[in-house]
Structures are given as structure tokens and as C-alpha cells.
Amino acid sequence: MRFNKLKKPVAVVVFLLLSALFCFAQTSGKPKPATLTSTGNQAAIKSSAAYAEILLRKTELEATLEDLTVQFTDEYPKVKEARFELGAIRKELDRIMAVGDASKLTQSLGKLILRKVELETDMWALLEKYGEAHDDVKRARRKVATFEKAIKEILP
């Protein structure tokens, strides 16, 4: 008698497990909508005004860096500065590629980002020259923070 009582609940559990397995098997081979959306979103981001602004500056910097490295070594201050700025721009490009809503990527946002990168580069040069405790470095850090705050209002 005890065996009959267990038979029904076991059958229900087996049925539920097989149903879940069947559903998983049906959906596991299909592409996920997020993948399709992210590809479309990347295209929208790359066609945005902000991306174009940043890409223009990145391309100009790469060309400048190419000219500088022909004439000077990697230790030349302008080469180091250009490399730093190029790295900051690449970081910002990665940041906007992660944005979910491409409609936020306006030309004004691109200009804000580029101005922040310019200020970060200036601050880096001041840090190289004076060190962290200098008043000019502190002032530059506040300027960078102001632009970052404005950018975060658009891109939370």
C-alpha cells in the first residue's frame, strides 16, 4: 500500500522534469533575442553623432601619433601625451558601446566626452610635472569631475 502512495507523486515529478527538459531542448538551439538586439544596438551606436565625434578625434590622434613616432622616441613628451589621450578615448568608446539606448548619444554628448578626455590629459601632464598635492592638479581634477558628472546625467 505504501508503494501506491508514492507512485503518484513520483509520476508527477517525473512528468514535470521531462516537460522542463523538453522546453529547454526546444529553446536552446535558437538565437537569443538579446544577441540580435545587441548587434542592432551596436550598429545604432556606431552611427550616432557622439560616436562619430569621438571616432574623428581618435583618428586624428592616431595620425598625429604616427607622425610623431617617425621623428621621436616613445619617451618624447608629446608622444606620451598622445598615447595617454588615445587610451582615454578608447576607454570612452568602450563605455558608449555598452550603452543600452543609442538615442542618448548626441553630438553634444560626444563633445562633452572629448572635453573630459582633453581635461584628463591636461591633468595627467600636470601630475607628471608637479605631483598629486599641487593646486593646479587639484583644480584640474575638479574640472574633470564636473564633466564626468554632466556625462553621468546622460549616461547613468
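The values are calculated or read from the model by the stated rules, or taken from the named source; none is laboratory data. Computed from a predicted structure; not experimentally measured. Cβ atoms come from the backbone with ideal geometry, glycine included; neighbour counts cover every protein chain shown. The area values use the complete protein model at the heavy-atom level, side chains included, leaving out ligands, DNA and RNA. Shrake-Rupley method; radii C 1.70, N 1.55, O 1.52, S 1.80 Å.
Assorted remarks:
- Number of positions in segment 79-128 that are more than 20 Å from Ser48 (Cβ to Cβ) and in contact with a Phe, Trp or Tyr (Cβ under 7 Å, 6 or more places away or on another chain): 5
- Selection status of Leu109, at pLDDT 95 or above, over 21 Å from Ala82 (Cα atoms) and open to solvent by less than 70 Å² (accessible area, probe 1.4 Å): yes
- Filtering segment 39-67 to residues that are among the aliphatic types (A, V, I, L, M) and either open to solvent by 60 Å² or more (accessible area, probe 1.4 Å) or over 14 Å from Phe84 (Cα atoms) (or both) leaves Ala43, Ala44, Ile45, Ala49, Ala50, Ala52, Ile54, Leu55, Leu56, Ala63.
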